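Working notes, beginning with the structure itself.
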Amino acid sequence: MHIPFVDLKSQYLSLKQEFDEAILKIVSETAFIGGKYAKAFEESFAEYLGVKHCVAVANGTDALEIGLEAIGVGEGDEVLVPANTFFATAEAVGNVGAKAVFVDIEPNFYNIDPSKVEEKITPRTKAIIPVHLYGLPAEMDEIMAIANKHSLKVLEDCAQAHGATYKGKTVGTFGDVATFSFYPSKNLGAFGDAGAIVTNNAGTAETARLIANHGQIAKNRHSMIGRNSRLDGIQAAVLSVKLPHLESWLEARRKNAALYNELLSDTGLQLPLAPQHSRHTYHLYVVQIPNRQAVQQKLSDEQIETGLHYPTALPFLEAYADLNYQPSDFPVAHAQMDKILSLPMYAELTEEMIEKVCRSLKNAIVMSAAN
Ligand SMILES: *Cc1c(COP(=O)(O)O)cnc(C)c1O
């Protein structure tokens with residue numbers, strides 16, 4: 001049995017007729033960019049999250065850049081970013097002319113460690129980007145308290161955490177602004193690139209919308225230098241078909257994670273933990289394995305695909321080589337790099353598939369230990 005790491009086709013087939021009709025409608029109406037379908041999705045996504053404004057853009061990386069600009073981050077500013085996240089989080093900071101300052105992660109939850117934030121704050125620090133990595137909310141009470149104390153802006157990177165909640169509140173509603181990606185394999189994914197910026201602040205939303213559409217306040221009136229980052233009609237239509245199903249897909253992910261947890265409970269592996277007050281939405285199901293490379297190879301031999309998120313923590317990437325970071329600068333992020341392994345995780349996984357992954361994983365661990 002081949003078990004892919006992600007399976008976008010099953011989800012497409014499960015709603016095929018709806019998708020096909022929605023896409024054909026866009027094509028026949030030539031409603032290709034923005035317009036009423038984008039607006040309809042913005043409104044329903046804002047309502048789903050419980051936030052006042054949603055500005056749909058072309059992808060999650062643009063959302064980060066535009067979100068940062070909209071809260072006033074730019075040249076000369078420093079922005080605090082977790083050492084373990086997808087590169088785009090820090091890349092966006094660089095692209096608006098600011099400097100990403102990395103903060104180590106918590107040992108148990110993979111997110112930014114609030115106890116290590118304050119030591120990184122300087123007079124230049126303008127904002128902090130908590131990332132709700134793998135679908136688990138960052139510790140927002142502590143982060144908001146530090147931000148308030150030091151007058152920092154907060155941008156939540158929710159690319160992996162649509163619908164995750166912290167103390168009963170949806171992520172994306174805590175900071176000044178929040179960003180989402182709808183890359184096809186995300187928990188809510190389009191059929192191409194797509195992203196969104198959400199906020200409760202009308203001014204921030206207005207600025208973001210202006211930046212994303214050439215600074216155009218009215219036809220042929222450009223009030224500032226913006227850019228082109230808009231949502232396609234087809235992506236909007238696909239997302240609107242999917243949004244009503246998101247909750248059931250997230251529950252399916254949680255059920256799958258619970259079964260993994262149960263079947264792997266006797267392995268001694270570090271399984272993904274979640275604090276009581278958080279609803280983890282398992283964009284990724286990440287375990288830690290001492291001899292990861294051998295185990296991953298054995299799983300691959302058995303046609304079980306796995307992933308690494310992320311094999312190199314950000315401070316140690318070539319892009320930041322000139323900063324010459326040492327493992328001891330980010331001990332937690334560095335120590336887990338060679339141990340983390342992401343197992344297949346999606347709503348459509350069957351019990352049989354999860355059982356097979358767990359059996360093969362246990363065998364692989366025993367075999368690679370014997371070698
Ligand atoms: C996917 C992702 C992004 C970037 O989103 P794109 O839509 O691919 O540009 C940013 N941050 C995190 C944490 C992500 O996982």
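The values are calculated or read from the model by the stated rules, or taken from the named source; none is laboratory data. Everything numeric here is computed off the predicted structure, so don't read it as measured data. Positions of Cβ are backbone-derived with ideal geometry, glycine not excepted, and every protein chain shown enters the neighbour counts. Surface accessibility is based on the protein's heavy atoms, side chains included, excluding ligands, DNA and RNA. Shrake-Rupley method; radii C 1.70, N 1.55, O 1.52, S 1.80 Å.
With respect to V57, is the statement that it is in contact with an Asp or Glu (Cβ under 6 Å, 6 or more places away or on another chain) and hydrophobic (A, V, I, L, M, F, W, C) true? Don't jump to the end; show me each part of the working.
Working: in contact with an Asp or Glu (Cβ under 6 Å, 6 or more places away or on another chain): no; hydrophobic (A, V, I, L, M, F, W, C): yes.
No; evaluated as a whole, the condition is false for this residue.
Determine whether the range 192-206 contains at least one residue that is within 16 Å of the ligand (Cβ to nearest atom) and in a helix (DSSP H, G or I). Scanning the range 192-206 turns up no residue that is within 16 Å of the ligand (Cβ to nearest atom) and in a helix (DSSP H, G or I). The set of residues from the range 258-271 being surrounded by fewer than 22 Cβ atoms within 10 Å (Cβ to Cβ) and not in a loop (DSSP other than H, G, I, E, B) comprises A258, L259, N261, E262, L263, Q270. Take the range 100-120 and flag every residue that is in a loop (DSSP other than H, G, I, E, B) and either open to solvent by 40 Å² or more (accessible area, probe 1.4 Å) or in contact with a Cys (Cβ under 9 Å, 6 or more places away or on another chain) (or both). Once the filter is applied, which keeps residues that are in a loop (DSSP other than H, G, I, E, B) and either open to solvent by 40 Å² or more (accessible area, probe 1.4 Å) or in contact with a Cys (Cβ under 9 Å, 6 or more places away or on another chain) (or both), the range 100-120 yields P107, N108, F109.
Residue-wise test of (1) within 16 Å of the ligand (Cβ to nearest atom); (2) over 25 Å from A236 (Cα atoms); (3) open to solvent by 10 Å² or more (accessible area, probe 1.4 Å).
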{"position": "P137", "(1), (2), (3)": "yes, yes, no"}
{"position": "L155", "(1), (2), (3)": "yes, no, no"}
{"position": "T170", "(1), (2), (3)": "no, no, yes"}
{"position": "K186", "(1), (2), (3)": "yes, no, yes"}
{"position": "A190", "(1), (2), (3)": "yes, no, no"}
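The set of residues from the range 211-221 being in contact with a helix residue (DSSP H, G or I) (Cβ under 9 Å, 6 or more places away or on another chain) and open to solvent by 30 Å² or more (accessible area, probe 1.4 Å) comprises Q216, I217. Candidates in the range 317-338 are the residues that are of a type in the set (S, T, N, Q) and either at positive phi or surrounded by 13 or more Cβ atoms within 10 Å (Cβ to Cβ) (or both); of these, the one that is farthest from the chain's Cα centre (by Cα) is N324.
The residues in the range 46-58 that are in contact (Cβ under 8 Å) with a residue 60 or more places away in the chain and surrounded by fewer than 24 Cβ atoms within 10 Å (Cβ to Cβ) can be counted, and the count is 8. Given the structure, is A274 in a loop (DSSP other than H, G, I, E, B) and away from the ligand (no atom under 15 Å from the Cβ)? Against the criterion (in a loop (DSSP other than H, G, I, E, B) and away from the ligand (no atom under 15 Å from the Cβ)), A274 qualifies. Name every residue in the range 14-66 that is closer than 14 Å to A208 by Cβ, more than 16 Å from the ligand (Cβ to nearest atom) and among the acidic types (D, E), in order of residue number. Correct list: E42 only.
Just to check your reading of the model, which residue among A321, A347, A333 is closer than 29 Å to S248 by Cβ and not assigned by TED's automatic domain parsing to the domain that holds L188?
Working: A321 fails: closer than 29 Å to S248 by Cβ; A333 fails: closer than 29 Å to S248 by Cβ.
When all the criteria are applied, what remains is A347.
Looking across the range 290-316, just one residue is over 30 Å from K356 (Cβ atoms) and either exposed (fewer than 14 other Cβ atoms within 10 Å of the Cβ) or aromatic (F, W, Y) (or both), and that is F316.
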